[in-house]
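The values are calculated or read from the model by the stated rules, or taken from the named source; none is laboratory data. All of these numbers come straight from a predicted model, not from anything done at the bench. No Cβ is skipped: glycine too gets one built from the backbone with ideal geometry, and neighbour counts run over all protein chains shown. These area figures cover heavy atoms from the full protein model, side chains too; ligands, DNA and RNA do not enter into them. Shrake-Rupley method; radii C 1.70, N 1.55, O 1.52, S 1.80 Å.
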Amino acid sequence: MKKTILLCFGLCLLMLFPCISLYAQVVDFPRSYAYIVRYDKSHTLMRQGTDFNVVDLDIEWPVVIDSTQVGALQRQIASTVLMSDGVDYDKSVHDFLARYGTPVSGKLDSLPDDRHFCYVTASATIKSYSPGKYIVYQLDRKVAPQSLSSQQVADDHFICVYDLHTQKILQLGDLMKTYQLQSSAESPLVTLLTSVLNDNEYNRLQSVEVLAVWPEDSLVGMRVRYGLDNGGYTSELKMRYDYAKSVLTKQYRNLLKPAIAHQTVYASLPLSLVKDTLCYDPDQLPTEKDHDLAKRYMAAQTISSYQGTGTVLVSYVVDSDGRPTDLTVVNPVSPSADRWAVSVVRGMPPLQPALKAGRPVPTRLIRGFRFQ
């Protein structure tokens, strides 16, 4: 009965206050969801012989999107970002980190030589999303070894457009008539692409190459490479659909069509983490260690800009030490709103863990953020 009252109170808060958190914490009982994206972020120092590798991960891992299978999307993320050919996220991350040695724990015997360091960043973030139509990911992996590191340089970037109608990844050639752009030097689109250049850059311009194109609400996004006589650079542009439609394909236009009926797929969240089984009926829910600190923290959270309206639901585990982990969005609003809501939960002040028979236990909670 107590949990039912808490849930009703939380829903009332959501209706009364825009863009704030559910203050009542509610147990997220096992169920199936039509949308699950895990938000995993870590910073790890690894050691491999004399090398020290700093690995930063920022992965928004899709489990299911709008009741649609995303196996092809998972494989693309794993391949590009984690150098893996599987769809088991935890195993892919474990194997990726193992490439760079073992985690450093405790104090080092001596101060390491900076020249033996290597800095690795791997990220997969949602760039654009339209329910039932498409989801677009930005995939990046960068390896920056210092002079004495044994690691190899890497700098990989990929815009991944996943068609939720066909459950396929669309390449640049599927979305854009690149031959038409190349043969139309004086086309309005080429004029628009070069309008961002200053006079000096325009005079030195050797080539314009579109590396990626993707839908972003009513706009068209493009990643463009400008070749200059002494090098060049890459930039991202957004433009109205009308400006680009002459070079966009039928497959691109199909992305914008309403969702179609398909075999629905649902997924559930794990019932255990590592070796701990989650408790869904604790005698006492997690509470703030310092209520005033928690209240000030929530009041200080602001978001400068976001798209969409609705309620982001973040499911997360409060472990037996009171730390939020396994953060997952199960009801999205937009990439910017979802990411902000997850960051708020991740940064919450320490909690008192849930209790069962007087002992701390891990439990899964859900918290809502309303945007309007």
- Query: Only one of (1) open to solvent by 60 Å² or more (accessible area, probe 1.4 Å); (2) within 22 Å of Ile169 (Cα to Cα); (3) of a type outside the set (A, V, I, L, M); (4) touching a Lys or Arg at 6+ places or on another chain (Cβ under 7 Å) is not met by Pro131, so which one is it?
  - Reply: (4)
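Somewhere in region 45-57, is a residue among the basic types (Lys, Arg), at pLDDT 50 or above and closer than 17 Å to Thr328 by Cα? So that I can check it myself, show each step before the final result.
Just the residues of region 45-57 that are among the basic types (Lys, Arg), to begin with: 47.
Still in the list and also at pLDDT 50 or above: 47.
Okay, now just the ones that are also closer than 17 Å to Thr328 by Cα, so none.
Within region 45-57, not a single residue is among the basic types (Lys, Arg), at pLDDT 50 or above and closer than 17 Å to Thr328 by Cα.
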- Message: Considering only residues that are open to solvent by 20 Å² or more (accessible area, probe 1.4 Å) and on the phi > 0 side of the Ramachandran plot, which ones fall in region 48-91?
- Response: Gly49, Asp66, Met83
- Message: Name the residue that is modelled with the lowest pLDDT, counting only residues in region 243-270 that are open to solvent by 100 Å² or more (accessible area, probe 1.4 Å) and assigned to a loop (DSSP other than H, G, I, E, B).
- Response: Ala261
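For (1) more than 18 Å from Lys41 (Cα to Cα); (2) acidic (Asp, Glu); (3) without any contact (Cβ under 8 Å) to a residue 60 or more places away in the chain, each residue gets a yes or a no:
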| site | (1), (2), (3) |
| --- | --- |
| Ala78 | no, no, yes |
| Ser92 | no, no, yes |
| Phe96 | no, no, yes |
| Asp109 | yes, yes, yes |
| Cys118 | yes, no, no |
- Item | Residues that are open to solvent by 50 Å² or more (accessible area, probe 1.4 Å) and either of a type in the set (A, V, I, L, M) or at pLDDT below 90 (or both), drawn from region 289-309 | His291, Leu293, Lys295, Ala299, Ala300, Gln301, Thr302, Ser304, Ser305, Tyr306, Gln307, Thr309
- Query: List pairs: first in region 284-302 and without any contact (Cβ under 8 Å) to a residue 40 or more places away in the chain, second open to solvent by 100 Å² or more (accessible area, probe 1.4 Å) and of a type in the set (Phe, Trp, Tyr), Cβ under 9 Å, 6+ apart or cross-chain?
  - Reply: Lys295/Tyr23
- Item | Any chance Val220 is touching a strand residue (DSSP E or B) at 6+ places or on another chain (Cβ under 8 Å) and at pLDDT below 95 | no
- Message: Regarding region 171-185, can at least one residue be identified that is in contact with a Lys or Arg (Cβ under 6 Å, 6 or more places away or on another chain), buried (at least 18 other Cβ atoms within 10 Å of the Cβ), modelled with pLDDT of 95 or more and not polar (S, T, N, Q)?
- Response: no
- Task: Enumerate the pairs (first residue in region 251-275 and among the small types (Gly, Ala, Ser); second residue anywhere and surrounded by fewer than 14 Cβ atoms within 10 Å (Cβ to Cβ) and not in a loop (DSSP other than H, G, I, E, B)) with beta-carbon separation below 9 Å, excluding pairs fewer than 6 apart on the same chain, so at least 6 apart or on different chains.
- Result: Ala267/Ser32; Ser268/Ser32
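State all residues of region 354-372 that are assigned to a loop (DSSP other than H, G, I, E, B) and under 24 Å from Ala299 (Cβ atoms); if no residue qualifies, say none. Give the steps one after another, and end with the answer.
Restricting attention to region 354-372, the residues satisfying the condition of being assigned to a loop (DSSP other than H, G, I, E, B) are 357-358, 362, 372.
Passing the criteria: only Gln372.
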- Message: Just to be sure I understand, how many residues within region 9-44 are at pLDDT below 85, closer than 24 Å to Ser268 by Cβ and open to solvent by 60 Å² or more (accessible area, probe 1.4 Å)?
- Response: 1
- Taking the options Val330, Val312, Val317, name whichever one is in contact with a Lys or Arg (Cβ under 6 Å, 6 or more places away or on another chain), among the hydrophobic types (A, V, I, L, M, F, W, C) and either open to solvent by 50 Å² or more (accessible area, probe 1.4 Å) or outside any helix (DSSP H, G or I) (or both). Val317
- Query: Considering only residues of region 223-242 that are among the basic types (Lys, Arg) and within 20 Å of Gln138 (Cβ to Cβ), which is surrounded by the most Cβ atoms within 10 Å (Cβ to Cβ)?
  - Reply: Arg223
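For region 71-171, which fully contained strands (runs of 3 or more DSSP E) count at least 3 residues that are of a type in the set (Asp, Glu) and over 16 Å from the mean Cα position of the chain (by Cα)?
In region 71-171, 154-163 are the strands (runs of 3 or more DSSP E) which contain 3 or more residues that are of a type in the set (Asp, Glu) and over 16 Å from the mean Cα position of the chain (by Cα).
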- Taking Lys2, is it open to solvent by 40 Å² or more (accessible area, probe 1.4 Å) and at pLDDT below 50? yes
